[in-house]
Amino acid sequence: MIIIDVVFNTEEHFTADQLLEWSRSRDASISRATVYRTLPLLTESGLVHEMDFGKDQKYYDPNYADHPNHHHIICEDCDRIVEFESEKIEQLEGEIAQKLGFALRSQNLRITANCESLKKNGSCGQKDACR
Ligand SMILES: [Zn+2]
Ligand SMILES: [Zn+2]
């Protein structure tokens, strides 16, 4: 219950380890195994979306059910993730699908980029804070 409560009270994308940490701050007795067992239940029910950003860990998206068509831009260094939606992209994807004889069902674009501080300073100040 606490794990599910934690998941639906965050707007952030999280990893399994982050979820474990947040859950433990509410109830120290929650085990890693419980978190790892609960996550597939949430993804299978479609409430949480599992995303592979090509990082060491998978990310989980808590508001996928409300915004199934949002896109992500992610810093290649500090893993900062920002969501966005774009009607233009949606339109374009529809056109591409149609041209190729497909019917568009869902869309998910991932842009890998350098965040503001990586761009400016050559490193991300938040890198350690994030982990
Ligand atoms: Zn997202
Ligand atoms: Zn960064």
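Count, please, the residues in the stretch 11-26 that happen to be modelled with pLDDT of 95 or more and outside any helix (DSSP H, G or I).
Summing the residues that are modelled with pLDDT of 95 or more and outside any helix (DSSP H, G or I) in the stretch 11-26 gives 0.
From the set of residues in the stretch 60-76 that are surrounded by 18 or more Cβ atoms within 10 Å (Cβ to Cβ) and within 16 Å of ligand 2 (Cβ to nearest atom), which is farthest from residue 91 (Cα to Cα)?
Residues of the stretch 60-76 surrounded by 18 or more Cβ atoms within 10 Å (Cβ to Cβ): 60-62, 64, 72, 74-75.
Then drop every residue that is not within 16 Å of ligand 2 (Cβ to nearest atom), which leaves 72, 74-75.
Numbers: 72: 17, 74: 22, 75: 25 Å.
Result: 75.
What residue, among those in the stretch 101-120 that are surrounded by 11 or more Cβ atoms within 10 Å (Cβ to Cβ) and of a type in the set (Ser, Thr, Tyr), is farthest from residue 55 (Cα to Cα)?
117
Going through the stretch 1-37 one residue at a time, which ones are hydroxyl-bearing (Ser, Thr, Tyr) and more than 17 Å from the chain's Cα centre (by Cα)?
First pass over the stretch 1-37, keeping only residues hydroxyl-bearing (Ser, Thr, Tyr): 10, 15, 23, 25, 29, 31, 34, 36.
The answer is 23, 25, 29, 31, 34.
Filter the stretch 46-98 for residues that are without any contact (Cβ under 8 Å) to a residue 24 or more places away in the chain and of a type in the set (Ser, Thr, Tyr); which is farthest from ligand 1 (Cβ to nearest atom)?
86
Could you check how many residues of the stretch 46-55 are assigned to a loop (DSSP other than H, G, I, E, B) and under 21 Å from residue 5 (Cβ atoms)?
As a first pass, look at the stretch 46-55 and keep what is assigned to a loop (DSSP other than H, G, I, E, B): 46-48, 52-55.
Restricting the remaining residues to those that are under 21 Å from residue 5 (Cβ atoms) gives 46-48.
Adding up the residues that qualify gives 3.
Which one of the conditions (1) of a type in the set (Val, Ile, Thr); (2) in contact (Cβ under 8 Å) with a residue 12 or more places away in the chain; (3) in a helix (DSSP H, G or I); (4) loosely packed, with under 14 Cβ neighbours inside 10 Å does residue 43 fail to meet, given that it meets all the rest?
For residue 43, the failing item is (4).
The values are calculated or read from the model by the stated rules, or taken from the named source; none is laboratory data. What you see is a predicted model; the values in this text were computed from it and never measured. Here the Cβ is made from the backbone with ideal geometry for all residues, glycine too, and neighbour counts use every protein chain on show.
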